[in-house]
Amino acid sequence: MVCALRGTAVTIAAGYATLGVGWLRLKGEDATRAFARKHQRWIPLAFLGLTVITVLIAASEQPRLIASWRAHRDVFSFCLAAFTVSAVAIASLAGRDDVDDHVGFALALAMMLSGMMALGLSFFPNIVPFQITLWNAASTPMSLGFVLVGALVATPVVLSYSAFAYWVFHGKTPAEGWY
């Protein structure tokens, strides 16, 4: 179990590194872009390899995962293909200057989203893997209604703030930084 947890932690760090180099290439200039381009050649492939290792370890420690994967074979296969194609595409396009900088970041997002979708499918409909279902974990309708009202108020505030921050910091990062 400890091996699977450590493997998962390292794999998640590689995933965030994949997103990070995509973001640096998208927002950076000159030296930062060169650094990102160099690391985009190998970090997504490391993320792919670590994911495969972590999945194999998890399957050996929790045999019920294999049955879950078989139950969702089509969608799980799509997630696996999207994850693999995205990793290979990022690595192969990393050295090219004729490729838009948004492509690497978008492919990194596709990797993360397909991985999260596969993870969710692996345990669905359970919240605590193979022990507590989504419906057993849900609160009473009154509590859920209270949370819904809070979400309806908070979500527009968070989205507005995020849109404002993106508008303020749009474009490339200036060489002298943000004042």
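The values are calculated or read from the model by the stated rules, or taken from the named source; none is laboratory data. In this text the structure is predicted, and so the values were computed from the model without any measurement. Here the Cβ is made from the backbone with ideal geometry for all residues, glycine too, and neighbour counts use every protein chain on show. When the accessible area is computed, the model is the full protein with side chains, heavy atoms only, and any ligands, DNA or RNA have been set aside. Shrake-Rupley method; radii C 1.70, N 1.55, O 1.52, S 1.80 Å.
Checking the structure you have, find out if any residue of segment 38-45 is closer than 22 Å to Pro174 by Cα and of a type in the set (D, E, K, R). Yes: segment 38-45 contains one or more residues that are closer than 22 Å to Pro174 by Cα and of a type in the set (D, E, K, R).
Just so you know, in segment 95-108 the residues that are in a helix (DSSP H, G or I), of a type outside the set (D, E, K, R) and in contact with a helix residue (DSSP H, G or I) (Cβ under 7 Å, 6 or more places away or on another chain) include one that is most open to solvent (accessible area, probe 1.4 Å), and it is His102. The combined condition, being under 19 Å from Trp23 (Cα atoms), open to solvent by 50 Å² or more (accessible area, probe 1.4 Å) and of a type in the set (Ser, Thr, Tyr), is fulfilled by Ser92.
Consider Leu119 carefully, then state whether it is more than 30 Å from His170 (Cα to Cα) and in contact with a Ser or Thr (Cβ under 8 Å, 6 or more places away or on another chain). No.
Among the residues of segment 155-174, those that are out of contact with any Phe, Trp or Tyr (no Cβ under 8 Å at 6 or more places or on another chain), open to solvent by 70 Å² or more (accessible area, probe 1.4 Å) and not in a helix (DSSP H, G or I) comprise His170, Lys172.
Identify, please: which residue in segment 109-140 is touching a Pro at 6+ places or on another chain (Cβ under 9 Å) and of a type in the set (Phe, Trp, Tyr) and is, among those, surrounded by the most Cβ atoms within 10 Å (Cβ to Cβ)?
In this case the residue turns out to be Phe123.
Of all the listed residues (Ser92, Ser68, Ser86), the sole one being under 25 Å from Gln131 (Cα atoms) and not hydrophobic (A, V, I, L, M, F, W, C) is Ser68. Screening segment 12-44 for residues that are under 28 Å from Val55 (Cβ atoms) and not in a helix (DSSP H, G or I) and picking the one that is most open to solvent (accessible area, probe 1.4 Å) gives Trp42.
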